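Just below is one structure, and these are the notes that go with it.
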Amino acid sequence: AQTVTQSQPEMSVQEAETVTLSCTYDTSENNYYLFWYKQPPSRQMILVIRQEAYKQQNATENRFSVNFQKAAKSFSLKISDSQLGDTAMYFCAFMKHSNYQLIWGAGTKLIIKP
Amino acid sequence: DVKVTQSSRYLVKRTGEKVFLECVQDMDHENMFWYRQDPGLGLRLIYFSYDVKMKEKGDIPEGYSVSREKKERFSLILESASTNQTSMYLCASSDPSSGVAKNIQYFGAGTRLSVL
């Protein structure tokens with residue numbers, strides 16, 4: 001069975017700093033998707049970034065980028081120039097290519113301090 | 001923009017009551033999901049539906065049932081609510097077809113259910 005591990009329950013950084021959130025996963029699949037979702041306080045869960053396992057190039061979305069290491073089964077999220085609005089719970093998730101269901105990590109609570 | 005609407009943000013029920021949580025999406029998505037979110041456990045899938053009247057059990061279906069009579073609506077039912085079902089419930093939908101939005105799940109705001 002697939003598992004997703006986020007080893008950092010909580011992190012805090014100063015505004016404008018760069019922060020990296022860790023995620024590792026365990027699977028025997030070769031084709032899959034990886035996601036980072038963000039859940040701001042009292043607001044809806046939204047997608048931050050998505051990576052397809054067959055793509056070697058790391059995905060980027062503005063200030064958000066990933067470091068995808070397929071052999072190491074690692075999928076970290078880097079937030080550059082962090083902003084107060086980045087304060088949220090961040091969840092890493094895995095999806096098999098043949099399946100629509102997400103396997104979720106426990107989440108990392110990120111606090112951006114002014 | 002995709003909109004997923006959950007009928008209640010907060011709900012307080014008594015032990016043994018039958019509870020209905022409703023979810024409606026406006027993007028004609030085929031897939032709909034019900035999750036339970038508890039601190040330190042992430043999101044756990046309760047049930048999944050890939051078409052009208054079709055459903056599959058997720059990781060924690062015990063004590064829950066679902067109904068999908070129309071494509072846009074997916075209901076979660078707690079047959080006899082218990083205190084250990086106090087939690088945040090999230091509904092999501094996704095489009096499994098090709099395109100940039102493939103398999104991205106879109107979420108509702110959540111329903112925080114307290115069972116007393």
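General remarks:
- Residue that is more than 11 Å from every other protein chain (Cβ to nearest Cβ), within 22 Å of B:Y10 (Cα to Cα) and in contact with a Pro (Cβ under 8 Å, 6 or more places away or on another chain), where the choices are B:I46, B:I77, B:I60: B:I46
- None of A:S28, A:S7, A:S42 is within 11 Å of chain B (Cβ to nearest Cβ), part of a loop (DSSP other than H, G, I, E, B) and among the hydroxyl-bearing types (S, T, Y) except A:S42.
- Subset of region B:18-57 (residues that are among the aliphatic types (A, V, I, L, M) and part of a strand (DSSP E or B)): B:V19, B:L21, B:V24, B:M32, B:L43, B:L45, B:I46, B:M54
- Yes/no for A:K109 being assigned to a strand (DSSP E or B), open to solvent by 10 Å² or more (accessible area, probe 1.4 Å) and in contact with a Pro (Cβ under 8 Å, 6 or more places away or on another chain): yes
- Checklist (1) in contact with an Asp or Glu (Cβ under 6 Å, 6 or more places away or on another chain); (2) open to solvent by 20 Å² or more (accessible area, probe 1.4 Å); (3) hydroxyl-bearing (S, T, Y) applied to A:S42, failing item: (1)
- Selection status of B:T15, part of a strand (DSSP E or B) and among the hydroxyl-bearing types (S, T, Y): no
- Consider region B:58-72 and keep the residues that are surrounded by 15 or more Cβ atoms within 10 Å (Cβ to Cβ) and in a strand (DSSP E or B). The one that is nearest to the chain's Cα centre (by Cα) is B:V66.
- Residue match in region B:27-48 (condition: hydrophobic (A, V, I, L, M, F, W, C), free of Cβ contacts under 8 Å to residues at least 60 places away in the same chain and farther than 26 Å from A:F94 by Cβ): no
- Residue in region A:59-80 that is open to solvent by 70 Å² or more (accessible area, probe 1.4 Å), in contact (Cβ under 8 Å) with a residue 60 or more places away in the chain and under 27 Å from A:P114 (Cα atoms) present: yes
- Any hit, region A:81-88, residues being surrounded by fewer than 15 Cβ atoms within 10 Å (Cβ to Cβ), assigned to a strand (DSSP E or B) and free of Cβ contacts under 8 Å to residues at least 60 places away in the same chain: no
- Among residues that are at negative phi, open to solvent by 30 Å² or more (accessible area, probe 1.4 Å) and in contact (Cβ under 8 Å) with a residue 60 or more places away in the chain, A:Q8 is included.
The values are calculated or read from the model by the stated rules, or taken from the named source; none is laboratory data. The structure displayed is predicted, hence computed values, not measured ones. Every residue, glycine among them, receives a Cβ derived from its backbone with ideal geometry; neighbour counts consider all protein chains shown. Heavy atoms of the whole protein, side chains included, go into the accessibility calculation; ligands, DNA and RNA do not. Shrake-Rupley method; radii C 1.70, N 1.55, O 1.52, S 1.80 Å.
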